[in-house]
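Enquirer: Right, I'll just put the structure down here and ask away after.
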Amino acid sequence: MIGDEEEHRDLAALVVPGVGSLLATGSRWEPYRLLDPSGAGVQAVTDYFRDLQAAGRTESTVRSYGMALLRWFRFLWAIDVSWDRASRLEARDFCRWLLINGQPVRPHWRSGRPSEPSPGTVKPYAASVRAHNETVLRCFYAFHLDIATGPILSNPFPLDRSRRNGRVNAHHNPMEPHREERTGLYRPRIPKRIPRSIPHEEFNEIFAKLPSHRDRALVAFYVSTGARASELLSTLQGGVDPGRQLISVVRKGTGAVQELPASTDAFVWLRLYQVQMGDLIPRGRRLPLWWTLRRPVRLLTYHAVHRMFERVNQLVGTSATLHALRHTAAFRMAEDPALPLTDVQLVLGHAQLTTTQLYLTPRKEDVIRRVLAHHAEQSRQAAERKAPAPAPGYRPETMDVLFGKGIA
């Protein structure tokens, strides 16, 4: 049966059109809606989004889940299988498709030309994206199994067979941290990535090319507070306290307001930005802190800051990312022996200390520099090392002949 199914489904020649969409509605009750190729909403996804909202998930989380579901539904529409009749065969082929031939090459957003993916013009999705898809779809089908929707009899994305039975952590070493036991059968292994920070020289070059006081203030706050890009943009004018050198941000995960200490330079650049803009920025403690420089002024968005940092990188000839500023701040704080790692964890907003410990990993550039310096020192010491004097009764020239000194 499986062989017949594989014979009829040629994944190498399968074309998955970019039909359907994830629509941002602007409604707080239904922030996102998944639309099918005809423009109608997919009710099964709408019900799942309502469940996520009831569980307190943020709108950004709903959007992330919606993009994963859109990939899955596009695949099902391409192979003409209903979502409630999908089996493990479809789930397996979907994961294979993501791995080998999944991500279409899209045109630039300004061109406006539709994209029709074709075989040979796509690249596989990253392991983190594939793992996220597997988790979202497993939870999506688990939700519909719980409420007994339609003819679904089993989850197409089951858990790993070796983890279904037996006592949890039965053979766990108490000296090692606990791992996630509920691993999906088709969940890929995600390589552990070391966060990349910006070297000091490269950061100074980037900072020197920033075009405005506002951009210098933003980068100075990013690299001194370790806040995420979206978190810093959530700061209100009343959330700035220069006297105590604190700035308040809304945390991405919890939505809680947290005060973060920042450098003196960041507040100096912020004041210069505020003086430069003058009365162009609306005043009020409950109004946003960051605005565009172009008139009429509008709220500064993440995409505008991201594009600004990209342009500066192009001028300098570097490849640093906006999120690398957070990693740079974390590495700088973790390298300070006077700053406990638990304090770094609190500032960065990490739920687990093990996440903060990643920033104790030395930079690749620093490791290479120190190892090369070690080899150079070993060579220098070997060149300066003098042979011990021979014992009384031995002639030095005889010992040189015996040990082959001077022989090429």
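Enquirer: Along its three principal axes, how long is segment 340-408 when you only count alpha carbons? Whole Å, largest extent first please.
Expert: Cα spread of segment 340-408 along its principal axes, largest to smallest: 72, 26, 15 Å.
Enquirer: Further question on the same structure: Can you figure out the FRET efficiency of Val268 with Thr342, using R₀ = 30 Å and their beta-carbon distance, to the nearest 0.05?
Expert: With a Förster radius of 30 Å, E is 0.50.
Enquirer: Across the chain, how many lysine pairs, 8 or more positions apart or on different chains, have C-alpha atoms separated by under 26 Å? Please give the number.
Expert: 5
Enquirer: In sequence order, what are the phi-derived ³J(HN,Hα) couplings for segment 73-86 according to the Karplus relation 6.51 cos²θ - 1.76 cosθ + 1.60 with θ = phi - 60°, rounded to whole Hz, with x for glycine and proline?
Expert: Calculated HN-Hα couplings, in order: 5, 4, 5, 5, 5, 5, 9, 6, 10, 5, 5, 7, 10, 6 Hz.
Enquirer: Keeping the other protein chains in place, figure out the carbon and sulfur percent of the accessible area of the chain, with a 1.4 Å probe.
Expert: Carbon with sulfur: 55 percent of the solvent-accessible area.
Enquirer: Once you have the Kirkwood Rh of the chain from its Cα pairs, apply Stokes-Einstein at 25 °C and 0.890 mPa s and quote D in µm²/s.
Expert: 93 µm²/s
Enquirer: Name the residue from Leu153, Asn204, Val268 whose Cα lies farthest towards the positive end of the charge dipole of the chain, charges +1 on Cβ of Lys and Arg and -1 on Cβ of Asp and Glu.
Expert: In the chain, that residue is Val268.
Enquirer: So, one more: From the P(r) of segment 285-373, could you give the percentage of C-alpha pairs in the tail past 21 Å? Intermediate values should be presented prior to the final figure.
Expert: On the way: 2143 of 3916 pairs.
Considering segment 285-373, 55 percent of its Cα-Cα pairs are separated by more than 21 Å.
Enquirer: Taking amide H atoms as placed 1.01 Å from N in the peptide plane, list the residues 5 or more away in sequence, or in a different chain, whose amide H sits under 5 Å from that of Gly184.
Expert: Here the answer is Asp160, since their amide H atoms fall under 5 Å of that of Gly184.
Enquirer: Starting from the Cα gyration tensor of segment 204-313, multiply each eigenvalue by 5, take the square root, and state the resulting semi-axes largest first in whole Å.
Expert: 19, 17, 15
Enquirer: Between Glu201 and Ser82, what FRET efficiency comes out of the Förster formula 1/(1 + (r/R0)^6) with R0 = 45 Å and r the beta carbon distance, rounded to 0.05?
Expert: Details: r = 57 Å, r/R0 = 1.27.
Working from the Cβ atoms, E equals 0.20.
Enquirer: Placing +1 at every Lys and Arg Cβ and -1 at every Asp and Glu Cβ, with all other atoms neutral, what dipole size does the chain have around its Cα centre, in debye to the nearest 20?
Expert: 740 debye
Enquirer: Also: Probe of 1.4 angstrom, ligands and nucleic acids ignored: what's the accessible area per residue over segment 289-408, in square angstrom?
Expert: 71 Å²
Enquirer: Applying the Karplus parametrisation 6.51 cos²θ - 1.76 cosθ + 1.60 with θ = phi - 60° to the phi angles of segment 256-267, what ³J(HN,Hα) value in whole Hz is obtained for each residue in order, glycine and proline being reported as x?
Expert: Ordered by residue, 3J(HN,Hα) equals 7, 8, 10, 7, 10, x, 9, 6, 5, 4, 4, 6 Hz.
Enquirer: What list of ³J(HN,Hα) couplings, whole Hz, do you get for segment 27-44 from phi and the Karplus terms 6.51, -1.76, 1.60, once you set θ to phi - 60° and write x for glycine and proline?
Expert: In residue order, the calculated couplings are 8, 6, 7, 9, x, 9, 9, 8, 10, 7, x, 8, x, 8, x, 8, 5, 4 Hz.
Enquirer: Could I ask something else about it? 7 Å from Cα along Cα→Cβ at both Val316 and Arg286: what's the point-to-point distance in nm?
Expert: For the pair Val316/Arg286, the computed spacing is 3.9 nm.
The values are calculated or read from the model by the stated rules, or taken from the named source; none is laboratory data. Only a predicted model underlies this, so the values are computations on that prediction, with no experimental measurement involved. When we count neighbours, we look across all protein chains shown, and the Cβ atoms used for this are built from the backbone with ideal geometry, even at glycine. Ligands, DNA and RNA are stripped out before the accessible areas are found, and what is left, the full protein with its side chains, is counted by its heavy atoms. Shrake-Rupley method; radii C 1.70, N 1.55, O 1.52, S 1.80 Å.
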